[in-house]
């Protein structure tokens, strides 16, 4: 039996795959500890998995609207998140994670948890990096749509050199952001000079790429040993009004679903929902224009809707998505994966970070369309949804879902972990 520490940071889309892997590895006889923000302690321990607090705690952002607004700025949100929020706290992260890794046999890291590689080197622990979205690979063969400059996607047709030039500029800039990491390395006597924000997040032993190859095909310049495993799914609510580990829909939602044709699902995931703007008001207008039923997952306590519109705080995607006609969402990777698995066409309204890249990938796949946040109105959303539901998007989404449902990302990921442990 091995002791495995899984260090992650972010929203449910970042936590859930790690928690699913921890649960399965414990079923196989290992001891697992999820090392992450304090706000997730109850959710993790309710599954019988060990927990270790690692700062910063994203839960503190929920009570600071001015910081939430910065986090979800469409072009500067990633700069604030990494440069101004996460990286300055890397020494705190190191202190917490180093304590959690006492006696560990293996460490799994996250692309935004920059203390992980340092702890692994100091403690001489083998480690695997984890990739949750293709954008973090910065591939010149499959260039990402960068939230800070989404217009640059139009330049990629000029050749790979355009993205290579952008990558070089990004390396220079992010090295400046990473000064706290370089300072910590120097203090600890760690000589590694890789850019902690780019190449330094990938382990030389390999990367668990928790993606379906139907969504992101491997590229020649991906890191070593990073072939996709398939998506890893988990969407239990955890604790709350529905009880620990609730996986079904509320009574009110079940009645609404049974009362008419499949509705449209409007959701902002678990993170962008903290800064919704007018998304839900405009979504309700879109449903009314179309004369279609709709479910709004708002992240707030349920309140009365209408015959056409049902408002709900939360519902597990695996339970609800197979029962809807289309999904409108922010483009977070967890929501993307669940919608692809359900085989539903989708309208993506990116908020920030990796979401524009995820959205345009879905558009290229022919299973969705992208509508920029500043253009999202009831009228524009209704028109986009009308095109989605009348075109070939539904049949293409069903075909890709068939391929994804033949994958077992959880088994493949855990098999790779155990293979490394045996070596």
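Structure summary
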{"quantity": "Output for the stretch 286-317, where each listed residue is out of contact with any strand residue (DSSP E or B) (no Cβ under 7 Å at 6 or more places or on another chain), surrounded by fewer than 17 Cβ atoms within 10 Å (Cβ to Cβ) and modelled with pLDDT under 95", "calculated": "300, 301, 304, 306, 307"}
{"quantity": "Some residue of the stretch 262-280 being assigned to a loop (DSSP other than H, G, I, E, B), at pLDDT 95 or above, over 30 Å from residue 58 (Cβ atoms) and more than 22 Å from the chain's Cα centre (by Cα)", "calculated": "yes"}
{"quantity": "Residue in the stretch 328-338 that is assigned to a strand (DSSP E or B) and not assigned by TED's automatic domain parsing to the domain that holds residue 212 present", "calculated": "yes"}
{"quantity": "Any hit, the stretch 319-327, residues being in contact with a strand residue (DSSP E or B) (Cβ under 8 Å, 6 or more places away or on another chain), touching a residue at least 24 places away in the same chain (Cβ under 8 Å) and within 29 Å of residue 151 (Cα to Cα)", "calculated": "yes"}
{"quantity": "So residue 359, is it crowded, with 21+ Cβ neighbours inside 10 Å and within 17 Å of the chain's Cα centre (by Cα)", "calculated": "yes"}
{"quantity": "Qualifying residue in the stretch 373-384 (condition: under 30 Å from residue 6 (Cβ atoms) and either part of a strand (DSSP E or B) or touching a strand residue (DSSP E or B) at 6+ places or on another chain (Cβ under 9 Å) (or both))", "calculated": "no"}
{"quantity": "Residues within the stretch 37-46 that are under 14 Å from residue 234 (Cβ atoms) and either surrounded by 21 or more Cβ atoms within 10 Å (Cβ to Cβ) or free of Cβ contacts under 8 Å to residues at least 12 places away in the same chain (or both), tallied", "calculated": "3"}
{"quantity": "Any hit, the stretch 405-412, residues being more than 18 Å from residue 213 (Cβ to Cβ) and either out of contact with any strand residue (DSSP E or B) (no Cβ under 7 Å at 6 or more places or on another chain) or without any contact (Cβ under 8 Å) to a residue 24 or more places away in the chain (or both)", "calculated": "no"}
{"quantity": "Flag if residue 196 is outside any helix (DSSP H, G or I) and loosely packed, with under 14 Cβ neighbours inside 10 Å", "calculated": "no"}
{"quantity": "Qualifying residue in the stretch 32-41 (condition: modelled with pLDDT of 95 or more and farther than 28 Å from residue 299 by Cα)", "calculated": "yes"}
{"quantity": "Qualifying positions in the stretch 114-127 - surrounded by fewer than 23 Cβ atoms within 10 Å (Cβ to Cβ) and within 24 Å of residue 227 (Cβ to Cβ)", "calculated": "125, 126"}
{"quantity": "Residue match in the stretch 141-159 (condition: over 18 Å from residue 78 (Cα atoms) and modelled with pLDDT of 90 or more)", "calculated": "yes"}
{"quantity": "Within the stretch 121-145, tally of residues that are in contact (Cβ under 8 Å) with a residue 40 or more places away in the chain and not in a loop (DSSP other than H, G, I, E, B)", "calculated": "11"}
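The values are calculated or read from the model by the stated rules, or taken from the named source; none is laboratory data. Keep in mind that this is a model prediction, so the values were computed, not measured. As a convention, Cβ positions derive from the backbone with ideal geometry for all residues, glycine included, and neighbour counts pool all protein chains shown.
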